[in-house]
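See structure below.
Read the figures in this text as sums done on the coordinates, not as results from a lab. What you see is a predicted model, and the numbers here were worked out from it, not measured in a lab. Here Cβ is always computed from backbone atoms with ideal geometry, including for glycine, and neighbour counts include all displayed protein chains.
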Amino acid sequence: MLLAWLPSIGALAERADRDKPLNVESDRMTAEETKRTAVFEGRVILTQGTLTIRAERLVVRQDPDGFQHAVATGKPAFFRQKRDGANEYIEGEAERMEYDGKSDRVQFFERARLRRDTGDDVRGNYISYDMRTEFFTVQSAKDRKATDEDARVRAVIMPKKRDPAGDAAPPAAKPAPETAGSRAR
């Protein structure tokens with residue numbers, strides 16, 4: 001059942017978001033043009049299309065090929081984004097989130113959690129999601145006691161809603177045709 005849910009996360013990012021302007025609000029910002037790096041600190045809110053990231057600190061770097069890499073930290077850092085091709089949102093949070101635009105990979109570190117509007121919920125100490133292959137991994141904190149919250153991977157998978165047409169009762173059984181020997185006389 002878990003394997004059926006994992007690939008259905010779909011593309012984490014709505015593809016149309018990439019063409020939208022990136023807006024960032026924060027209490028402070030420093031930028032180094034020569035290093036193509038910007039650091040935003042204090043109540044950071046990043047929006048781009050349907051994507052929202054909230055963090056205490058966000059470091060955004062652009063590589064020579066124009067790909068963006070970002071590290072968001074907070075208590076916890078939070079993101080929300082509409083899934084590509086679905087009328088559904090996915091939310092995630094962790095102490096630290098790292099996004100690699102070149103490889104289309106998002107990693108969540110320390111008290112990581114992903115949720116969908118459907119009620120599906122996955123938690124662990126580390127979550128890695130490859131948006132190109134729609135594959136992700138969830139790991140527990142191996143050095144923690146079993147009583148610690150993030151010492152084990154936890155998942156809640158909601159049952160899929162059934163198609164109303166598929167829920168119809170099976171047709172009533174027809175009585176067996178009467179034969180000459182079965183009639184009551």
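Each residue of region 84-99 is assigned a 3J(HN,Hα), and the resulting list reads 5, x, 9, 8, 8, 10, 10, 10, x, 8, 5, 5, 9, 10, 10, 10 Hz, derived from the Karplus form 6.51 cos²θ - 1.76 cosθ + 1.60 (θ = phi - 60°), x at Gly and Pro. Take 74-87, 31-44 and order them by the average number of nearby Cβ atoms within 10 Å per residue, most first; the result is 74-87, 31-44.
Each Lys and Arg contributes +1 and each Asp and Glu -1, all at the Cβ; summed about the Cα centre of region 20-110, the dipole is approximately 140 debye. Set Lys and Arg Cβ to +1 and Asp and Glu Cβ to -1, take the dipole of region 2-161 about its Cα centre, and tell me which of Gln68, Val24, Thr137 lies farthest positive. Value computed over the given set: Thr137. For region 2-161, the residue among Ala155, Gly85, Thr52 whose Cα projects farthest onto the positive side of the dipole built from Cβ charges is Ala155. Based on the alpha-carbon gyration tensor of region 60-136 and its eigenvalue square roots a ≥ b ≥ c, which shape applies: rounded if a/c is under 1.5, prolate if not and a/b is larger than b/c, or oblate? Verdict is oblate for region 60-136.
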